[in-house]
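Asker: A single structure is presented below for examination.
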Amino acid sequence: QVQLVESGGGLVQPGGSLRLSCAASGSIFSISAMAWFRQAPGKQREMVAFISSGGSTNYADSVKGRFTISRDNAKNTVYLQMNSLKPEDTAVYYCYADLSVRTNPVPLNYWGQGTQVTVSS
């Protein structure tokens, strides 16, 4: 069984910073892509940031220059450093991983349970 567990969400004032973490655990064989998505009330889930197994990154235009995604492959963990936060960044943030387990080499998509980020004064 694989689990993705996020942490680091909370309430922050505009202009502030938060760092999200997501740790994957279980019978993991390998992890290729990891990413962060978010979903605001009444809106569709959108990709925020993506990182490949080799460290290549991609960001939504709305967060470029403010958010940074990174990963620690030894810990099966992905991070999202969020700076200069805006009220429009308020959403539930979800961790995503494309990974294979020891009993099945075919990569599958896994999601975390989500963590709330609220940007408000």
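Asker: Could you list, ordered by first residue, the pairs with Cβ atoms under 7 Å in which the first is in the stretch 1-29 and farther than 18 Å from PRO107 by Cβ and part of a loop (DSSP other than H, G, I, E, B) and the second is open to solvent by 50 Å² or more (accessible area, probe 1.4 Å) and of a type outside the set (Asp, Glu), at least 6 apart or interchain?
Answerer: GLY8/ARG19; GLY9/GLN116; GLN13/SER121; PRO14/LYS86; PRO14/PRO87; PRO14/SER121; GLY15/SER84; SER17/ASN83
Asker: Follow-up. Return yes or no: is PHE50 aromatic (Phe, Trp, Tyr) and loosely packed, with under 14 Cβ neighbours inside 10 Å? Steps first, please.
Answerer: Numbers: aromatic (Phe, Trp, Tyr): yes; loosely packed, with under 14 Cβ neighbours inside 10 Å: no.
Against the criterion (aromatic (Phe, Trp, Tyr) and loosely packed, with under 14 Cβ neighbours inside 10 Å), PHE50 does not qualify.
Asker: In the stretch 30-47, what residues are in a strand (DSSP E or B) and open to solvent by 30 Å² or more (accessible area, probe 1.4 Å)? Can you show your working first?
Answerer: Taking the stretch 30-47 first, the residues in a strand (DSSP E or B) are 30-39, 46-47.
Within the stretch 30-47, SER30, SER32, PHE37, GLN39, GLU46, MET47 meet the criteria.
Asker: Then there is this: Identify, please: which residue in the stretch 1-29 is over 14 Å from the mean Cα position of the chain (by Cα) and among the hydrophobic types (A, V, I, L, M, F, W, C) and is, among those, surrounded by the most Cβ atoms within 10 Å (Cβ to Cβ)?
Answerer: The first filter runs over the stretch 1-29 and keeps only residues over 14 Å from the mean Cα position of the chain (by Cα), leaving 1-2, 10-17, 25-29.
Remaining after also requiring among the hydrophobic types (A, V, I, L, M, F, W, C): 2, 11-12, 28-29.
Details: VAL2: 16, LEU11: 12, VAL12: 18, ILE28: 15, PHE29: 12.
Among them, the one singled out is VAL12.
Asker: Next question. Hey, ASP98 hits all of (1) assigned to a strand (DSSP E or B); (2) modelled with pLDDT under 95 but one; which does it fall short on?
Answerer: Of everything listed in (1) assigned to a strand (DSSP E or B); (2) modelled with pLDDT under 95, ASP98 misses just condition (2).
Asker: Just give me the residues in the stretch 63-99 being of a type in the set (Gly, Ala, Ser), surrounded by fewer than 17 Cβ atoms within 10 Å (Cβ to Cβ) and within 14 Å of ILE28 (Cβ to Cβ), in sequence order. Spell out the reasoning first.
Answerer: Taking the stretch 63-99 first, the residues of a type in the set (Gly, Ala, Ser) are 65, 70, 74, 84, 91, 97.
Imposing the further condition that a residue be surrounded by fewer than 17 Cβ atoms within 10 Å (Cβ to Cβ) reduces the set to 65, 70, 74, 84.
Of everything in the stretch 63-99, just one residue is of a type in the set (Gly, Ala, Ser), surrounded by fewer than 17 Cβ atoms within 10 Å (Cβ to Cβ) and within 14 Å of ILE28 (Cβ to Cβ), namely ALA74.
Asker: For the stretch 100-117, which positions are surrounded by 14 or more Cβ atoms within 10 Å (Cβ to Cβ) and not hydrophobic (A, V, I, L, M, F, W, C)?
Answerer: Selection gives SER100, PRO107, TYR110, GLY112, GLY114, THR115.
The values are calculated or read from the model by the stated rules, or taken from the named source; none is laboratory data. Keep in mind that this is a model prediction, so the values were computed, not measured. Note: ideal-geometry Cβ built from the backbone for every residue, glycine included; neighbour counts use all protein chains shown. The protein model used for the area step is the full one, side chains on, heavy atoms only, and it has no ligands, DNA or RNA in it. Shrake-Rupley method; radii C 1.70, N 1.55, O 1.52, S 1.80 Å.
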